[in-house]
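*Asks:* Provided herewith is a single structure, encoded as structure tokens, for subsequent inquiry.
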Amino acid sequence: MDSPILEPSLYTVKAVLILDNDGDRLYAKYYDDTYPTVKEQKAFEKNIFNKTHRTDSEIALLEGLTVVYKSNIDLFFYVIGSSHENELMLMAVLNCLFDSLSQMLRKNVERRALLENMEGLFLAVDEIVDGGVILESDPQQVVHRVALRGDDVPLTDSCIFSFIHITCSSFFSLRISTLF
Amino acid sequence: MIKKFDKKDEESGSGSNPFQHLEKSAVLQEARIFNETPINPRRCLHILTKIIYLLNQGEHFGTTEATEAFFAMTRLFQSNDQTLRRMCYLTIKEMANISEDVIIVTSSLTKDMTGKEDVYRGPAIRALCRITDTTMLQAIERYMKQAIVDKVPSVSSSALVSSLHMVKMSYDVVKRWVNEAQEAASSDNIMVQYHALGLLYHLRKNDRLAVTKMLNKFTKSGLKSPFAYCMLIRIASKLLDETEGGHDSPLFDFIESCLRNKNEMVVYEAASAIVHMPNCTARELAPAVSVLQLFCSSPKAALRYAAVRTLNKVAMKHPSAVTACNLDLENLITDSNRSIATLAITTLLKTGSESSVDRLMKQISSFVSEISDEFKVVVVQAISALCQKYPRKHSVMMNFLSNMLRDDGGFEYKRAIVDCIISIIEENPESKETGLAHLCEFIEDCEHTVLATKILHLMGKEGPRTPQPSKYIRFIFNRVVLESEAVRAAAVSALAKFGAQNDDLLPSVLVLLQRCMMDSDDEVRDRATFYMNVLQQKQKALNAAYIFNGLSVSIPGLEKSLHQYTLEPSEKPFDMKTVPLATAPITEQKTEIAPVATSKLPEKLAPSRQDIYQEQLAAIPEFQGLGPLFKSSEPVQLTEAETEYVVRCIKHTFAGHMVFQFDCTNTLNDQLLQKVVVQMEPSEAYEVVHCVPAPSLPYSQPGSCYTLIRLPDDDPTAVSCTFSCTMKYLVRDCDPNTGEPDDDGYDDEYVLEDLEVTVADHIQKVLKPNFGAAWEEVGDEFEKEETFALASVRTLDEAVGNIINFLGMQPCERSDKVPENKNSHVLFLAGECRGSSGGPFVPLWGETPTGFKSGTPHHLTLRTEEASRMRGETSSSNLKKSRRFSFQAP
């Protein structure tokens, strides 16, 4: 085995990607030099999209990297880490990103709503991962820190968030259960 | 909340992208409104979003335009709009490497990071550290220290993570913040705790003692954050690995205790750490395996994936430990996530019984086309391992592999399949024909030159010895017609081998070679002409020497010798026998099964170990004129590992001499050794000619001294000898801290273990790919047959291993592998013997009789090229007193 003992490090995330349902980049942030040029990045994104957009399974191994992903309506969220990384940590990042966005977009997680709130997305990712280090994994905290202007986030009541959360997760389990 | 950015896009339908047709120049033009007063936060925010969006899409910004936009943006700090300010921080970070003079925002950021608005402080710190260098870092050091211990978690986390980024650049500055980080580590906030731990480890990782202390502290006090626990487990397992701590150490107990943590992430990290530990026993693995087993039935795909992937790794080393999970793995083979299903099946292939193989193979072939190349390689590796375990299943496997070979796939994938088929052919003679047929079909349409040449080489080797060699000729000659130069040349070589082995095919092969002589590539023409001429001679010896068994010299050595020869032109023709032999056995097929997704680097032609020694010895004036180095032995330890001085010896054999290289290490830090020599007392007529001392041996720096011995040339039977060795030296005591030695010293000596020279030291391994041809080539002129009894060996395997070790010769044709349930075996060995003219080649035909028992006679037939050597060789095999192994003439 090439790397039996992991070098202890906080640098967990290699990239965070959001693609639309044509596989085009809506958001991409690479935290190290695995794919240094835009050309390589786009090729990687294309490969990732081809391998994942048809299946609704949340994890894959691609080009020697662990990719955890989630799709919703017309958006594909990816978090990428080394193949030796703890998959559950990457999953924590993905869930945090998705839940934060779903709160900020009032459970309306789809391409159009996202594009209209790009600054919210930029700020949220900035609060979740900093230079590859997981900065925060609690969606409540992230939403709190992004603190979009008061008039943009009218329903800050936490019971509504939890309601949204419940509906979202039940929606997902429903989707998954139909696959079996 | 829907902002109407662009009316037109809005109308054109719901799938539109307001950012789709952004022009960089237009956006930069728009950025001019940053200079307008009063600032319109909403519009400015939108423009900043556009800029970041463009950067994110990979748009290239020139330095001038970026700097211009950056400077305009700095004006926006006047606005108090929160979101706008936050977007400014983001822009600073994005542009830090593109724009010039980004440091002008330092003061604004410093103000924000120390200000009252908590929402600003964290992001401001991160942006500030992004644009700071070492000198400026000192200026803000005070603020950073305060921020690290700030009670607002986001501020503290930001400061800690930024410090971590800065460690690479300004270690010395960040090192001073250790106390603050320590304080932050006891924070109540889980993320702060995690970041503080990470920073502390990075600052201390070179100081093992400090890491140990830190681990002790945190493992006792307990942590709240699951992330921090994962980090702690990694640090602990790394420390365990470095210190080679036993599995009874408290660190191991800590990792094991984490298996009972409430958080799945921590449990999995601990299980994976235990699985990855080297030398873990099945008992220690058991608790880790049982938690992974639980994870297998988790509703979360990521957790199932993680569990089965780790179990797959366990199965490589300890298949029996995973057997308990077979039932859970069975449930996963129909998992909708194909990665999980593949891993489950390959794990089962390793752990399951022979009867389940067919079923699993059927299951996997149903979706093999859906999985990624990485996993296909995993499947092939699993099959390869399986074939070794259950050789009888090879027909099922072969079918499956040939189907996979027909599918699309990358080079790595195809190479894995070809390697797997080749290893099956080598292991199972009965699968040879089907295997070759599949490979033939594959090279008909193969885009990888490396694989095509490899297969052609194999066909040349194996093809002529099949019952119907003629059927392969068509496939090979097709390559000559259709392929690139490298493949054509390989095909010509393969053809020649068919011609040399099969007399009835010879005329047709000659016709085909004749055609190849018209080839457009000179290498192909050369080979064809050469083989043509050799084959026309119709002499077995020539065929053997030039077609079946190529050069056995080391290539770098040959290059060096030829270079030397051209530098000093002489009347004499170049003598191949002056070139050192190739040492490494060429085929080392069974490499450890690599884990998922390894991209192997292309192998370089590194100089072999022996070439390096040759170089080193040639640099010593005393050893000039000894001729080429014939053989270097493996190092022999002459001391225990934990003694004051550690000495190991490497025996270098030359034509008429031997050089003993003693690698000595001084493990006492209060001594300096000087003029170190090893005195040797031979038991036989060996003559010590010269000693080269190691001038000085400071603490823990290895040094070498040499002893030159002349071998007796009048008595060829004196091949083995025992030397008693004593190391003599001058000791100078020195200060353990400074290493400053005293002025005067005293002589001392240290008795080493005895050193033996054995038969194996006089024989160099030579690999003859076609042993039969080499055997014929030597002829029976000097043939000697003798029968020996093998005492004190119990199994046939052991006997074969002992003979190989004792004689130091190369087993050919995989004859070192004894087939199961056989009680007789024929072993082919080849070697070259030390001698003045480079040494004659000695093949040896060893045959154990049926009904092998300890002490039964063992039949050895030996052929050599030179009569005089004969006596020496056989009598050397007669050595009765060798400690490890004895041949006894009945």
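The values are calculated or read from the model by the stated rules, or taken from the named source; none is laboratory data. Predicted model, so just to flag it, every value in this text is computed and none were measured. Don't worry about glycine lacking a Cβ; one is built from the backbone with ideal geometry, like all the others, and counts go over all protein chains shown.
*Asks:* Do we have any residue at all in the stretch B:371-380 that's surrounded by 19 or more Cβ atoms within 10 Å (Cβ to Cβ), away from chain A (no Cβ under 14 Å) and either within 24 Å of A:Ile48 (Cβ to Cβ) or at pLDDT below 80 (or both)?
*Replies:* Yes, because at least one residue in the stretch B:371-380 is surrounded by 19 or more Cβ atoms within 10 Å (Cβ to Cβ), away from chain A (no Cβ under 14 Å) and either within 24 Å of A:Ile48 (Cβ to Cβ) or at pLDDT below 80 (or both).
*Asks:* Give, as residue ranges, the helices (runs of 4 or more DSSP H) completely inside the stretch B:295-346 that count at least 2 residues that are facing chain A (nearest Cβ under 9 Å) and out of contact with any Pro (no Cβ under 6 Å at 6 or more places or on another chain).
*Replies:* B:301-317
*Asks:* Taking only the stretch B:247-271 into account, find how many residues are in contact with a helix residue (DSSP H, G or I) (Cβ under 7 Å, 6 or more places away or on another chain), small (Gly, Ala, Ser) and surrounded by fewer than 23 Cβ atoms within 10 Å (Cβ to Cβ).
*Replies:* Applying the first criterion (in contact with a helix residue (DSSP H, G or I) (Cβ under 7 Å, 6 or more places away or on another chain)) to the stretch B:247-271 yields B:247, B:249, B:251-252, B:254-256, B:258-259, B:261, B:263-271.
Next, from what is left, pick out any that are small (Gly, Ala, Ser): B:249, B:270-271.
Next cut, surrounded by fewer than 23 Cβ atoms within 10 Å (Cβ to Cβ) only: B:249.
Residues flagged as in contact with a helix residue (DSSP H, G or I) (Cβ under 7 Å, 6 or more places away or on another chain), small (Gly, Ala, Ser) and surrounded by fewer than 23 Cβ atoms within 10 Å (Cβ to Cβ) within the stretch B:247-271 amount to 1.
*Asks:* Also, I was wondering about something else. Within the stretch B:163-184, restricting attention to residues that are in a helix (DSSP H, G or I) and within 13 Å of chain A (Cβ to nearest Cβ), which residue is surrounded by the fewest Cβ atoms within 10 Å (Cβ to Cβ)? Working first, answer last.
*Replies:* Residues of the stretch B:163-184 in a helix (DSSP H, G or I): B:163-167, B:171-175, B:178-184.
Filter once more, so that each one left must be within 13 Å of chain A (Cβ to nearest Cβ): B:163-167, B:181.
On the way: B:Ser163: 28, B:Leu164: 26, B:His165: 18, B:Met166: 21, B:Val167: 15, B:Ala181: 27.
The extreme case among them is B:Val167.
*Asks:* Among the residues in the stretch B:220-234, are any basic (Lys, Arg), in contact with a Pro (Cβ under 7 Å, 6 or more places away or on another chain) and modelled with pLDDT of 90 or more? Give the derivation first.
*Replies:* Within the stretch B:220-234, the first condition is being basic (Lys, Arg), and the residues that meet it are B:220, B:224, B:234.
If we keep only those that are in contact with a Pro (Cβ under 7 Å, 6 or more places away or on another chain) too, we end up with B:234.
Those still in the list that are modelled with pLDDT of 90 or more too: B:234.
Yes, there is a match, as at least one residue in the stretch B:220-234 is basic (Lys, Arg), in contact with a Pro (Cβ under 7 Å, 6 or more places away or on another chain) and modelled with pLDDT of 90 or more.
*Asks:* Within the stretch B:640-657, how many residues are touching a Ser or Thr at 6+ places or on another chain (Cβ under 9 Å) and closer than 17 Å to B:Met680 by Cβ?
*Replies:* Of the residues in that region, 8 qualify.
*Asks:* On to the next question. Does the stretch B:272-290 hold any residues that are assigned to a helix (DSSP H, G or I) and surrounded by fewer than 19 Cβ atoms within 10 Å (Cβ to Cβ), and which are they?
*Replies:* The first filter runs over the stretch B:272-290 and keeps only residues assigned to a helix (DSSP H, G or I), leaving B:272-276, B:282-290.
Once the filter is applied, which keeps residues that are assigned to a helix (DSSP H, G or I) and surrounded by fewer than 19 Cβ atoms within 10 Å (Cβ to Cβ), the stretch B:272-290 yields B:Ala282, B:Arg283, B:Glu284, B:Ala286, B:Pro287, B:Ser290.
*Asks:* Output the number of residues of the stretch A:124-134 satisfying the condition of being within 7 Å of another protein chain (Cβ to nearest Cβ) and among the small types (Gly, Ala, Ser).
*Replies:* Kept after step one, since they are within 7 Å of another protein chain (Cβ to nearest Cβ), are these residues of the stretch A:124-134: A:126, A:130-131, A:133-134.
Subsequent filtering for residues that are among the small types (Gly, Ala, Ser) retains A:131.
Residues that pass the stated criteria total 1.
Each row is one residue, and each column tells you yes or no for (1) more than 22 Å from B:Val676 (Cβ to Cβ); (2) part of a strand (DSSP E or B).
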residue	(1), (2)
B:Asp733	no, yes
B:Asn737	yes, no
B:Asp743	no, no
B:Tyr750	no, yes
B:Ala760	yes, no
B:Gln764	yes, yes
B:Leu767	yes, no
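*Asks:* For the stretch A:5-70, please list each of the strands (runs of 3 or more DSSP E) lying entirely inside it that holds at least 2 residues being at pLDDT 90 or above, farther than 29 Å from B:Ile233 by Cα and touching a helix residue (DSSP H, G or I) at 6+ places or on another chain (Cβ under 8 Å).
*Replies:* Working: elements: A:13-20, A:25-30, A:59-62.
In the stretch A:5-70, A:13-20, A:25-30 are the strands (runs of 3 or more DSSP E) which contain 2 or more residues that are at pLDDT 90 or above, farther than 29 Å from B:Ile233 by Cα and touching a helix residue (DSSP H, G or I) at 6+ places or on another chain (Cβ under 8 Å).
*Asks:* Hey, another quick one. I need the full set of residues from the stretch A:85-123 which are more than 7 Å from every other protein chain (Cβ to nearest Cβ) and touching a Cys at 6+ places or on another chain (Cβ under 9 Å), in order please.
*Replies:* The answer is A:Phe98, A:Asp99, A:Ser102, A:Lys107, A:Val109.
*Asks:* May I pose another question? Restricting attention to the stretch B:347-361, and to residues there that are closer than 23 Å to B:Ser423 by Cβ, in a helix (DSSP H, G or I) and without any contact (Cβ under 8 Å) to a residue 24 or more places away in the chain, which single residue is nearest to the other protein chains (Cβ to nearest Cβ)?
*Replies:* That would be B:Leu348.
*Asks:* Quick one: is A:Ser177 more than 8 Å from every other protein chain (Cβ to nearest Cβ) and modelled with pLDDT under 50? Talk me through it step by step, then tell me what you get.
*Replies:* Values: more than 8 Å from every other protein chain (Cβ to nearest Cβ): yes; modelled with pLDDT under 50: yes.
Judged against the criteria, A:Ser177 is a match.
Each row is one residue, and each column tells you yes or no for (1) part of a loop (DSSP other than H, G, I, E, B); (2) within 14 Å of chain A (Cβ to nearest Cβ); (3) buried (at least 18 other Cβ atoms within 10 Å of the Cβ).
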residue: B:Ser25; (1), (2), (3): no, no, no
residue: B:Arg32; (1), (2), (3): no, no, no
residue: B:Thr37; (1), (2), (3): yes, no, no
residue: B:Tyr53; (1), (2), (3): no, yes, yes
residue: B:Cys88; (1), (2), (3): no, yes, yes
residue: B:Asn97; (1), (2), (3): yes, yes, no
residue: B:Ile104; (1), (2), (3): no, no, no
residue: B:Leu109; (1), (2), (3): no, no, yes
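*Asks:* Within the stretch A:44-83, track down each residue that is within 9 Å of chain B (Cβ to nearest Cβ) and touching a residue at least 40 places away in the same chain (Cβ under 8 Å).
*Replies:* A:Asp56, A:Leu65, A:Asp74
*Asks:* In addition: Give the residues of the stretch A:78-107 that are buried (at least 22 other Cβ atoms within 10 Å of the Cβ) and in a strand (DSSP E or B), sorted by residue number.
*Replies:* The answer is A:Tyr78, A:Val79, A:Ile80, A:Gly81.
*Asks:* Can you confirm whether B:Leu292 is closer than 17 Å to B:Gly352 by Cα, within 14 Å of another protein chain (Cβ to nearest Cβ) and in contact with a Cys (Cβ under 8 Å, 6 or more places away or on another chain)?
*Replies:* Considered against the rule, which asks whether it is closer than 17 Å to B:Gly352 by Cα, within 14 Å of another protein chain (Cβ to nearest Cβ) and in contact with a Cys (Cβ under 8 Å, 6 or more places away or on another chain), B:Leu292 comes out as no.
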